[in-house]
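Step one of this worksheet: look at the structure below.
Each reported figure results from applying straightforward, stated rules to the coordinates on display, with no laboratory input. Computed from a predicted structure; not experimentally measured. Here the Cβ positions follow ideal geometry from the backbone for every residue, glycine too, while neighbour counts run over all protein chains shown.
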Amino acid sequence: MYDIEELEVGMSASYSQTITDADIKQFAGISGDRNPVHLDEEYASQSRYGKRIAHGMNSAS
C-alpha cells in the first residue's frame, strides 16, 4: 500500500472479487432492483446471457 505522497502518474492497481449469490441478493434488497435476470435462474436461462448476472452497479462498486 502506498501513501498519497508516493503515488505517481502512470502507476496502476488492480482488484478482483467474486460476486456471490448472497452479494446479488443483498444488492437487490438494498437497491430495490429485483429484476429476475439477477434473481431467477429459470428466467435468466431464457435471457441472452443464459444465466443469472450480477447487477452492473454492484460490479462497479
**OP:** Enumerate the pairs (first residue in the stretch 41-61 and on the phi < 0 side of the Ramachandran plot and touching a residue at least 24 places away in the same chain (Cβ under 8 Å); second residue anywhere and among the hydrophobic types (A, V, I, L, M, F, W, C) and not in a loop (DSSP other than H, G, I, E, B)) with beta-carbon separation below 6 Å, excluding pairs fewer than 6 apart on the same chain, so at least 6 apart or on different chains.
**Re:** R52/A44; A54/I24; H55/F27; N58/F27
**OP:** Please identify the pairs in which a residue from the stretch 25-37 that is under 16 Å from S47 (Cβ atoms) has its Cβ atom under 9 Å from the Cβ atom of a residue that is among the charged types (D, E, K, R) and assigned to a helix (DSSP H, G or I), counting only partners at least 6 apart or on another chain.
**Re:** P36/E42
**OP:** Can you give me the ranges of the helices (runs of 4 or more DSSP H) entirely in the chain with at least 2 residues that are under 11 Å from the mean Cα position of the chain (by Cα) and surrounded by 12 or more Cβ atoms within 10 Å (Cβ to Cβ)?
**Re:** 21-31, 56-60
Original post:
Just to be sure, is A54 in contact with a helix residue (DSSP H, G or I) (Cβ under 8 Å, 6 or more places away or on another chain) and small (G, A, S)?
Top reply: yes
